[in-house]
Amino acid sequence: MPENAIVVEDLRKSYGDVVALDGVSFEIKQGEVVSILGPNGAGKTTTVEILEGYLKGWSGKVDVLGDDPLQGGVKHRERIGIVLQESGVEPYMTVTEILEQRSRWYREPLDIKNVIEEVGLTEKSDALIKTLSGGQRRRLDVALAVVGNPELIFLDEPTTGFDPSARRHSWELVKALSKSGKTILLTTHYMDEAQALSDRVIVMAKGQIVAEGSPSEIGGRQESDATVTFTLSDLTHLDKAPVKYEISGNKVSFKSSDSVRDLHALTGWALDHKIDLAGLEVKRPTLEDVYIHLTEGGK
Ligand SMILES: Nc1ncnc2c1ncn2[C@@H]1O[C@H](COP(=O)(O)OP(=O)(O)O)[C@@H](O)[C@H]1O
Ligand SMILES: [Mg+2]
């Protein structure tokens, strides 16, 4: 079995004049959980729909479980589970009925009761689909995606629109799937979701990959630029300040790649000269800031 579940090279796709994917390349290893993180319109759905074999008219190289997704037959499709961004299932069937129907498509389906339990729908197993809440519907989508016991699962924005507890529940589900050895590619526009679930995060914006790495590597960019601010009543004190600073009104700020060292120098200087560093603050960009910077600030 090849080491990579997915290989994408220089993938390009346009809708008329709209360039949805502008040269995207990445690899996903067997057993990995990878998030494609990006704002609306970044090209996330286009990417997964190409990998799923739903979209034609693209260029580049795409290999999914050793097959071209457009050529892959029944055997290929049985190895893949899909949760679409928008799904539609029979409203007048029960949870158990739809899963029974769907499992007949596969040669080695999982036990339906277990699947229902795993997604937390046991109490709803005989309920009509139309009576399920949004979160429960999404969990049914996941159940439908995994009932065929696929090796690779695509989840397109699995928790968009969820309340916090429903999101947590879905996260547990994804973690359980990952533990059972599945390769998972999910898309999200939530930084915390990508961080909580993935071995690796691919950040996309405007059809391109703008960053890629483990959640801590992507967040780790923040270490390099903490912002230190304080207020001075008399700016002439700054003449001998031990750091390079910017001034806005009475507010002094500087960016620091080593805030412990710089704060040591700054506070030492202030003590020596009896200067009050009013409102002294050290701020690190949140992961959200890093993400916004990556996706809006270009590369
Ligand atoms: N069927 C379509 N027809 C025209 N433009 C589309 C279509 N689907 C997506 N697009 C455009 O392609 C770009 C990427 O969309 P999409 O892959 O859905 O992004 P995301 O899933 O990250 O929100 C967007 O600019 C979007 O408007
Ligand atoms: Mg999308």
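Among the candidates I50, I28, I36, the residue that is under 12 Å from the mean Cα position of the chain (by Cα) and at negative phi is uniquely I36. Consider only pairs whose beta carbons are under 9 Å apart and that are at least six residues apart or on different chains; among these, list those whose first residue lies in the stretch 152-175 and is more than 15 Å from Q195 (Cβ to Cβ) and assigned to a helix (DSSP H, G or I) and whose second residue is more than 16 Å from ligand 2 (Cβ to nearest atom) and among the hydroxyl-bearing types (S, T, Y). Filtered contacts from the stretch 152-175: A166/S133.
Just so you know, in the stretch 35-45 the residues that are surrounded by fewer than 23 Cβ atoms within 10 Å (Cβ to Cβ) and over 14 Å from A211 (Cα atoms) include one that is nearest to ligand 2 (Cβ to nearest atom), and it is T45.
The listed residues are T183, T187, and the only one of them that is modelled with pLDDT of 90 or more, within 16 Å of ligand 2 (Cβ to nearest atom) and assigned by TED's automatic domain parsing to the domain that holds G41 turns out to be T187. Restricting attention to the stretch 71-86, the residues that are surrounded by 13 or more Cβ atoms within 10 Å (Cβ to Cβ), hydrophobic (A, V, I, L, M, F, W, C) and more than 16 Å from ligand 2 (Cβ to nearest atom) total 1.
Residue-by-condition table, conditions (1) at pLDDT 95 or above; (2) crowded, with 17+ Cβ neighbours inside 10 Å; (3) within 16 Å of ligand 1 (Cβ to nearest atom); (4) not in a helix (DSSP H, G or I):
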site	(1), (2), (3), (4)
I6	yes, yes, no, yes
E27	yes, no, no, yes
T47	yes, yes, yes, no
G88	no, no, no, yes
Y92	no, no, no, yes
E97	yes, no, no, no
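Condition first: outside any loop (DSSP other than H, G, I, E, B), in contact with a helix residue (DSSP H, G or I) (Cβ under 7 Å, 6 or more places away or on another chain) and among the small types (G, A, S). Now tell me which residues in the stretch 117-151 satisfy that. Across the stretch 117-151, the qualifying residues are G135, A143.
Among the candidates R102, R107, the residue that is part of a loop (DSSP other than H, G, I, E, B) and away from ligand 1 (no atom under 16 Å from the Cβ) is uniquely R107.
Screening the stretch 149-173 for residues that are among the small types (G, A, S) and closer than 30 Å to P69 by Cα and picking the one that is surrounded by the fewest Cβ atoms within 10 Å (Cβ to Cβ) gives G161. So for the stretch 201-211 (the condition being assigned to a loop (DSSP other than H, G, I, E, B), assigned by TED's automatic domain parsing to the domain that holds K29 and within 13 Å of the chain's Cα centre (by Cα)), does at least one residue qualify? Checked the stretch 201-211: no residue is assigned to a loop (DSSP other than H, G, I, E, B), assigned by TED's automatic domain parsing to the domain that holds K29 and within 13 Å of the chain's Cα centre (by Cα). Being crowded, with 22+ Cβ neighbours inside 10 Å, within 22 Å of L294 (Cβ to Cβ), touching a Ser or Thr at 6+ places or on another chain (Cβ under 8 Å) and not polar (S, T, N, Q) narrows it down to one of M204, M191, so name that one. Among M204, M191, only M204 is crowded, with 22+ Cβ neighbours inside 10 Å, within 22 Å of L294 (Cβ to Cβ), touching a Ser or Thr at 6+ places or on another chain (Cβ under 8 Å) and not polar (S, T, N, Q). Among the residues of the stretch 243-284, those identified as assigned to a loop (DSSP other than H, G, I, E, B), surrounded by fewer than 17 Cβ atoms within 10 Å (Cβ to Cβ), out of contact with any strand residue (DSSP E or B) (no Cβ under 8 Å at 6 or more places or on another chain) and at pLDDT 90 or above are G249, H273, K274, D276.
In the stretch 49-70, what residues are crowded, with 17+ Cβ neighbours inside 10 Å and of a type in the set (A, V, I, L, M, F, W, C)? Within the stretch 49-70, I50, L51, L55, W58, V62, V64, L65 meet the criteria.
Just give me the residues in the stretch 62-79 being within 23 Å of the chain's Cα centre (by Cα) and either assigned to a strand (DSSP E or B) or within 12 Å of ligand 1 (Cβ to nearest atom) (or both), in sequence order. Those that are within 23 Å of the chain's Cα centre (by Cα) and either assigned to a strand (DSSP E or B) or within 12 Å of ligand 1 (Cβ to nearest atom) (or both): V62, D63, V64. Filtering the stretch 29-45 to residues that are among the charged types (D, E, K, R) and either at pLDDT below 95 or more than 14 Å from ligand 1 (Cβ to nearest atom) (or both) leaves K29, E32. No other residue among V252, V228 is over 22 Å from V64 (Cβ atoms), in contact (Cβ under 8 Å) with a residue 40 or more places away in the chain, more than 16 Å from ligand 1 (Cβ to nearest atom) and in contact with a Phe, Trp or Tyr (Cβ under 8 Å, 6 or more places away or on another chain) apart from V228.
The values are calculated or read from the model by the stated rules, or taken from the named source; none is laboratory data. Values in this document were obtained by computation on a predicted structure and should not be read as measured data. Here Cβ is always computed from backbone atoms with ideal geometry, including for glycine, and neighbour counts include all displayed protein chains.
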